[in-house]
Amino acid sequence: MSLMQRPSLVGANVQRVNDPRLLTGEGRFVDDINLPGMVHASILRSYLPAGRIESFEAGSNAEAWVLGPDQIAAATREIPCVWIAPGQQQLSNPVASRALRYVGQPFAIAVAGSRAEAEDVAESVAVQIEPLESVGDARDALMPGAPLVYQEAASNLAVEFSIGDTSEELDAVFAAAPHVIERTFRIPRIVPSPMETRGLIASWNPGSSELTVWMSTQTPHHVRDHIALCLGLRADQVRVIAGDVGGGFGSKEHVYADEVMVCLAAMTLKRPVKWIEDRLEHFTATFHGRDAYHHARLAVDHDGTFLAIQSTITGNVGAHLSNVGTGPFRVSSIMLPGPYRFAKVGTRITAAFTNTTPTGAYRGFGMQEAAWVRERLVEEAARVLGKSPVELRDQNMFRSDELPVMTRTFQEYDSGDYRRALRLVADRIAAYRPPASEPRIRRGVGLATHVEFTGLGPSASQDFVGFRLGGYETTVVRMEPDGSVFVSSGVMGMGQGIETTLAQLVAENLGVPIERVRVQLGDTASAPYSAAGSIASRSITVGGGAAVMAASHLRDKLLRIAGHQLEISPADLELVAGEVRVKGETRPALDLEHLVTRSWLGLDLPDGESPDLEHKSVHDPKNIAYPYATHGAAVSVDLDTGQVTVDAYWVAHDSGVVVNPSIVDGQIMGGVAQGLGIALFEKMIYGPEGDPRSTTFMDYLLPLSSNLPRFTLDHFETPAPHIPGGMKGIGEGGTIVAPPTIANAIAAAVPEIADQLVETPLNASRLWTLMHEAGLHDD
Amino acid sequence: MTDVQQFSCTVNGLQVSTAVDTRTSAADFLRQELGLTGTHVSCEQGVCGSCTILVDDAAVRSCLLLAMQLHGAVVETVESLGGLDELSTLQQTFSAEHGLQCGFCTPGILMTVEAAKRAGTSAVAVVDELLPGHLCRCTGYDNIRKAVQVYLSPEA
């Protein structure tokens, strides 16, 4: 029946809808927008890690305008924290204050006719800051006598709590275990570094009492809610519009204090105000990712069975708890077990305030740290026990027939075949032929594996862990009177291609050509409410699930109307390629355009059927969706320079149903690139007193094309059983598991230093030093 | 402090004669005075390559040039390559190979590849020597390399 077969839009490499405008310079990023009468802002920031503003004098300049810390504080309410840990005392943070706690902290705003003039004005402000003692490192900050980030506090302890099995239970397992692998890992700070920095334009309309904010953001509604709260407006008075967003990676998932200042300036001046973050600001004013010590241990039985894994985490939250606060350390804990069986799992989290930029969300959110700790420990266990790293993993992995399974950290892994991904990469590594040998170059291959927490998440679960953001998404699908299809969703595009994949899901499930579908995102005035927005690899899983639901419901309604008009059971009809057909036939049974026109006129409808051809579906998933992957890498290590070259890279992954393979591959490769950056190059360096030392792309190195190998990607598709459409998230996996993959390959190449591979980046200087200390240089 | 100077150049085939504040960068001039917002500014210190334009056929960082330095030059930006309904082969190739995600760095990369094409630079040389002069945070570069390869050596 070849006539019945038609290519599905789900699984097709549909060209991305936003490519043409991005390739022709017709994109609309926030800095591309200019409004009549618009003025420009420059933010005044602390240049000291700690201090107190003793005096602030703006001087007099008729063409310029400055708001100081006291005025801003008086005119605003504090920005709330949204992820609250047990016992967390700090629940919000001021928009501006005279108390300065990190370099980059905003405390005032200057506005003038151009950006350059605004910077001139900012420089002309006379600010006297009394320096205070400061501390940059979390462990230093927790030492007795350390300088206090909050002078009124007894210590720099921000929050402390435990997850999983108790330390007594864990101690008992470790005391009796035949083998214990124990290491202290250091996960440094990462600067998210989207190529487009943050930025916004705020415009106040006094007549309608409305504030319109064009912003580069991943979470328009969340930003709207907090702007309204901080400025004492009602939510309906604030409209946030996000256009093209030049990458986010977690850094644009809430409103920042400097952004609230810009809104306040626009309201005060009654003129549109633009502020575009510069790159230097991005390095200190945009929240960082990571920054934790993990003192971790793995207990292994005689036969290689894993018994327990435990980590004592010392996390650096920076100068104040960010909107997500200790969330990354919590996620590190709950995902620590990965794909393996453990009898006991537990962590202790101690989070410290320091005089550094607050830490928040960045691609991989806690899971990159968990994978680093676990997969290095497992690799070390294989080396110490003389076992194959593949066999040791295989022996301890959940088998597919064990799923679904509840872990010791209360994650109910859903579906898939973890061992299949492991075996496939192992086979690809076995078939690999490394480059010809050279005397002072070592070759090594390694792999690492993980299960990932994506598609945040059931709202009840989020509430349970103190994350005060609803976990649902809503999608609206409307067939307009002319038969075109409008889709609106609360998730946000930032380069990942969600506009295209949502269109594919709607076209497929509604039964219309994709050319007829238009997806609109990012405008709080038209998009359905989204509490969490596009974070946590949730857009396709939660928002896409809602799109599948809404499109299917609208299709069913159209078929009910058609059935009524044709006097045929709707069950005998289908909607295919924009045509209503009797099943099994290839010609339309009626004119759909006519049906649509008549329906919007309120005519020819079955009893009780409303005339609108619009359906809104709310999708609150029953569970997290858990994709998984094994990655493999082949590396060359130059013994004399410490330089690492990644020669080959393999990925076997399962993110459930793949909507657009090309986009999924792009997410994986881009994710691996950021993971390779973590593995080999990236580290935001602070001095012991919190002085930032890597604040440009010349001293904070991003991976270049020349650092990235060719990829070999293998996909499996085990649908998420609880997600309409079956998709699992794909945004972060590459970043999560690439660092231990590369480190394990380096360990195989240079086993003399394997036990020292506990800290990233494994750059030339670190590796050369380790190899030198291991006696690998003749001198 | 402003010091306004007169200058003229050709931008995307049109003669421009205007006055600018002397401290205005070429990137800001193109974006703010001419409304050519396809040229993107990301690091403002010549590292990332997002703002790359063609000046007399050479790919240059427009954030490191003053607008005044364009005097007498033939300037081309991404807007010159091909319009929404008539993408050039280069643009089509980047889309077909999924060589862009957020698209912020893309115009600069396109201009570098365009300059290389005119200069007869090989695909290998572009990939090995020119592409590492551009930062892309989204793609992992592999698809960009494929697009360059397909565009410059379609028969390979």
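Of all residues in region A:193-216, which are away from every other protein chain (no Cβ under 13 Å) and not small (Gly, Ala, Ser)?
Residues satisfying the conditions are A:Leu200, A:Ile201, A:Trp204, A:Asn205, A:Pro206, A:Glu210, A:Leu211, A:Thr212, A:Val213, A:Trp214, A:Met215.
Are any residues in region B:1-56 assigned to a strand (DSSP E or B), among the small types (Gly, Ala, Ser) and either out of contact with any Ser or Thr (no Cβ under 6 Å at 6 or more places or on another chain) or open to solvent by less than 60 Å² (accessible area, probe 1.4 Å) (or both), and if so, which ones?
We begin by selecting, within region B:1-56, every residue assigned to a strand (DSSP E or B); these are B:4-11, B:14-21, B:25, B:52-55.
Cutting the leftovers down to among the small types (Gly, Ala, Ser) gives us B:8, B:17, B:19, B:25.
B:Ser8, B:Ala19, B:Ser25 - these are the residues of region B:1-56 that are assigned to a strand (DSSP E or B), among the small types (Gly, Ala, Ser) and either out of contact with any Ser or Thr (no Cβ under 6 Å at 6 or more places or on another chain) or open to solvent by less than 60 Å² (accessible area, probe 1.4 Å) (or both).
Any residue that is within 14 Å of chain B (Cβ to nearest Cβ), in contact with a Leu (Cβ under 7 Å, 6 or more places away or on another chain) and modelled with pLDDT of 95 or more - is there at least one of those in region A:683-695?
Applying the first criterion (within 14 Å of chain B (Cβ to nearest Cβ)) to region A:683-695 yields A:694-695.
Those left that are additionally in contact with a Leu (Cβ under 7 Å, 6 or more places away or on another chain): A:695.
Add one more test, that the residue is modelled with pLDDT of 95 or more, and what stays is A:695.
Yes, there is a match, as at least one residue in region A:683-695 is within 14 Å of chain B (Cβ to nearest Cβ), in contact with a Leu (Cβ under 7 Å, 6 or more places away or on another chain) and modelled with pLDDT of 95 or more.
Please go through region A:742-761 and give me each residue that is in contact with a strand residue (DSSP E or B) (Cβ under 8 Å, 6 or more places away or on another chain) and either open to solvent by 30 Å² or more (accessible area, probe 1.4 Å) or of a type in the set (A, V, I, L, M) (or both), ordered by number. Break it down stepwise before answering.
First, pick out the residues of region A:742-761 that are in contact with a strand residue (DSSP E or B) (Cβ under 8 Å, 6 or more places away or on another chain): A:742-750, A:755, A:758-761.
Hits for region A:742-761 are A:Ile742, A:Ala743, A:Ala745, A:Ile746, A:Ala747, A:Ala748, A:Ala749, A:Val750, A:Asp755, A:Val758, A:Glu759.
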Across (1) away from every other protein chain (no Cβ under 14 Å); (2) assigned to a loop (DSSP other than H, G, I, E, B); (3) out of contact with any Pro (no Cβ under 7 Å at 6 or more places or on another chain); (4) over 30 Å from A:Val659 (Cβ atoms), A:Ala41 clears everything bar (2)
Scanning region B:57-81 residue by residue, the ones that are open to solvent by 60 Å² or more (accessible area, probe 1.4 Å) and either at pLDDT below 95 or of a type in the set (Gly, Ala, Ser) (or both) total 1
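Being modelled with pLDDT under 95, open to solvent by 30 Å² or more (accessible area, probe 1.4 Å) and away from chain B (no Cβ under 14 Å): is that true of A:Ala75 here?
Numbers: modelled with pLDDT under 95: no; open to solvent by 30 Å² or more (accessible area, probe 1.4 Å): yes; away from chain B (no Cβ under 14 Å): yes.
Here the answer is no, as A:Ala75 does not meet what is asked.
Only one of B:Asp28, B:Asp3, B:Asp21 is away from chain A (no Cβ under 11 Å), out of contact with any Gly (no Cβ under 7 Å at 6 or more places or on another chain) and of a type in the set (Asp, Glu); which? If you could, list the steps in order and put the result at the bottom.
On the way: B:Asp28 fails: away from chain A (no Cβ under 11 Å); B:Asp21 fails: away from chain A (no Cβ under 11 Å).
Going through B:Asp28, B:Asp3, B:Asp21 in turn, just one is away from chain A (no Cβ under 11 Å), out of contact with any Gly (no Cβ under 7 Å at 6 or more places or on another chain) and of a type in the set (Asp, Glu): B:Asp3.
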Over region A:562-594, the set of residues assigned to a helix (DSSP H, G or I) and within 20 Å of A:Glu508 (Cα to Cα) is A:Ala562, A:Pro570, A:Ala571, A:Asp572, A:Leu592, A:Glu593
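Of the residues that sit in region A:204-220 and are over 23 Å from A:Ser488 (Cβ atoms) and in contact (Cβ under 8 Å) with a residue 40 or more places away in the chain, which one is least open to solvent (accessible area, probe 1.4 Å)? Step through it out loud before you land on a result.
Within region A:204-220, the first condition is being over 23 Å from A:Ser488 (Cβ atoms), and the residues that meet it are A:204-207, A:209.
Then drop every residue that is not in contact (Cβ under 8 Å) with a residue 40 or more places away in the chain, which leaves A:204, A:206.
Details: A:Trp204: 40, A:Pro206: 70 Å².
It comes out as A:Trp204.
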Reported set for region A:172-182 where residues are in contact with an Asp or Glu (Cβ under 7 Å, 6 or more places away or on another chain) and open to solvent by 20 Å² or more (accessible area, probe 1.4 Å) is A:Pro178
| query | Do the conditions hold for A:Ala430, that is, is it under 21 Å from A:His294 (Cβ atoms) and either modelled with pLDDT of 95 or more or open to solvent by 10 Å² or more (accessible area, probe 1.4 Å) (or both)? | reply | no
Of those in region A:288-305 that are surrounded by fewer than 22 Cβ atoms within 10 Å (Cβ to Cβ) and not hydroxyl-bearing (Ser, Thr, Tyr), the residue farthest from the other protein chains (Cβ to nearest Cβ) is A:His302
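Would a scan of region A:255-265 turn up a residue that is in contact with a strand residue (DSSP E or B) (Cβ under 9 Å, 6 or more places away or on another chain), free of Cβ contacts under 8 Å to residues at least 40 places away in the same chain and part of a helix (DSSP H, G or I)? Reasoning before the result, please.
Pass one, region A:255-265, residues in contact with a strand residue (DSSP E or B) (Cβ under 9 Å, 6 or more places away or on another chain): A:255-265.
Applying the additional criterion that residues be free of Cβ contacts under 8 Å to residues at least 40 places away in the same chain yields none.
Among the residues of region A:255-265, not one is in contact with a strand residue (DSSP E or B) (Cβ under 9 Å, 6 or more places away or on another chain), free of Cβ contacts under 8 Å to residues at least 40 places away in the same chain and part of a helix (DSSP H, G or I), which makes the answer no.
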Report task. Answer yes or no as to whether B:Glu44 is within 12 Å of another protein chain (Cβ to nearest Cβ), closer than 29 Å to B:Glu129 by Cβ and either touching a Leu at 6+ places or on another chain (Cβ under 6 Å) or of a type in the set (Ser, Thr, Tyr) (or both). Result -> no
Residue hits (region B:82-126; within 7 Å of chain A (Cβ to nearest Cβ) and surrounded by fewer than 24 Cβ atoms within 10 Å (Cβ to Cβ)) are B:Gly82, B:Gly83, B:Leu84, B:Leu87, B:Ser95
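For region A:153-168, indicate whether the set of residues that are more than 14 Å from every other protein chain (Cβ to nearest Cβ) and assigned to a helix (DSSP H, G or I) is non-empty. I'd like the intermediate steps shown before the answer.
Of the residues in region A:153-168, the ones more than 14 Å from every other protein chain (Cβ to nearest Cβ) are A:153-168.
From what is left, the residues that are assigned to a helix (DSSP H, G or I) are A:167-168.
Yes, region A:153-168 contains a residue that is more than 14 Å from every other protein chain (Cβ to nearest Cβ) and assigned to a helix (DSSP H, G or I).
In region A:217-254, which residues are in a loop (DSSP other than H, G, I, E, B), of a type in the set (A, V, I, L, M, F, W, C) and within 21 Å of A:Ile33 (Cβ to Cβ)? Spell out how you get there, then give the answer.
Restricting attention to region A:217-254, the residues satisfying the condition of being in a loop (DSSP other than H, G, I, E, B) are A:217-219, A:232-234, A:242-254.
Those still in the list that are of a type in the set (A, V, I, L, M, F, W, C) too: A:233, A:242, A:245, A:249.
The answer is A:Ala242, A:Val245.
Look through region B:138-155, keep the residues that are farther than 24 Å from A:Gly671 by Cβ and not in a helix (DSSP H, G or I), and return whichever of them is nearest to the other protein chains (Cβ to nearest Cβ). Show your work before the answer.
Initially, region B:138-155 is screened for residues farther than 24 Å from A:Gly671 by Cβ, giving B:151-155.
Going one step further and asking which of them are not in a helix (DSSP H, G or I), we end up with B:153-155.
On the way: B:Ser153: 16, B:Pro154: 18, B:Glu155: 20 Å.
Here the answer is B:Ser153.
For residues in region A:683-703 being of a type in the set (A, V, I, L, M) and over 15 Å from B:Gly46 (Cα atoms), which is least open to solvent (accessible area, probe 1.4 Å)? Spell out the reasoning first.
First, pick out the residues of region A:683-703 that are of a type in the set (A, V, I, L, M): A:684-685, A:698, A:701-702.
Now restrict to residues that are over 15 Å from B:Gly46 (Cα atoms): A:684-685.
Values: A:Met684: 7, A:Ile685: 69 Å².
For region A:683-703, the residue satisfying everything is A:Met684.
Starting from residues that are farther than 30 Å from A:Ile313 by Cβ and not hydrophobic (A, V, I, L, M, F, W, C), keep the ones in region A:105-118 and report whichever is farthest from the other protein chains (Cβ to nearest Cβ). Lay out the reasoning, then the answer.
First, pick out the residues of region A:105-118 that are farther than 30 Å from A:Ile313 by Cβ: A:107-118.
Applying the additional criterion that residues be not hydrophobic (A, V, I, L, M, F, W, C) yields A:113-115, A:117.
Numbers: A:Gly113: 10, A:Ser114: 8, A:Arg115: 8, A:Glu117: 8 Å.
Among those residues, the one meeting the criterion is A:Gly113.
Kindly indicate the residue of region A:451-474 that is part of a strand (DSSP E or B) and touching a Gly at 6+ places or on another chain (Cβ under 6 Å) and also surrounded by the most Cβ atoms within 10 Å (Cβ to Cβ) among those meeting that condition. Working first, answer last.
Keep residues of region A:451-474 that are part of a strand (DSSP E or B), which gives A:451, A:454, A:467, A:473-474.
If we keep only those that are touching a Gly at 6+ places or on another chain (Cβ under 6 Å) too, we end up with A:451, A:454, A:473-474.
Details: A:Val451: 28, A:Thr454: 28, A:Glu473: 30, A:Thr474: 24.
Only one residue fits best here, namely A:Glu473.
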Within region A:119-148, of all residues that are within 14 Å of chain B (Cβ to nearest Cβ) and in contact (Cβ under 8 Å) with a residue 60 or more places away in the chain, the one nearest to A:Trp65 (Cα to Cα) is A:Val121
Subset of region B:70-129, residues touching a Ser or Thr at 6+ places or on another chain (Cβ under 8 Å) and among the hydroxyl-bearing types (Ser, Thr, Tyr), comes to B:Thr77, B:Thr112, B:Ser122
Restricting attention to region A:368-422, the residues that are among the hydrophobic types (A, V, I, L, M, F, W, C), surrounded by fewer than 16 Cβ atoms within 10 Å (Cβ to Cβ) and closer than 19 Å to A:Tyr626 by Cα number exactly 3
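Let's see how each residue does on (1) among the basic types (Lys, Arg); (2) in a helix (DSSP H, G or I); (3) touching a helix residue (DSSP H, G or I) at 6+ places or on another chain (Cβ under 9 Å); (4) closer than 25 Å to A:Arg239 by Cα:
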residue	(1), (2), (3), (4)
A:Arg442	yes, no, yes, no
A:Thr449	no, no, yes, no
A:Val487	no, no, yes, yes
A:Gln504	no, yes, yes, no
A:Asn509	no, yes, yes, no
A:Arg518	yes, no, yes, yes
A:Tyr529	no, no, yes, yes
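The values are calculated or read from the model by the stated rules, or taken from the named source; none is laboratory data. Predicted, not measured: the structure shown is a model, and the values here were computed from it. So basically every Cβ, Gly included, is an ideal-geometry build from the backbone, and we count neighbours across all protein chains shown. For accessibility, only protein heavy atoms count, side chains too; no ligands or nucleic acids. Shrake-Rupley method; radii C 1.70, N 1.55, O 1.52, S 1.80 Å.
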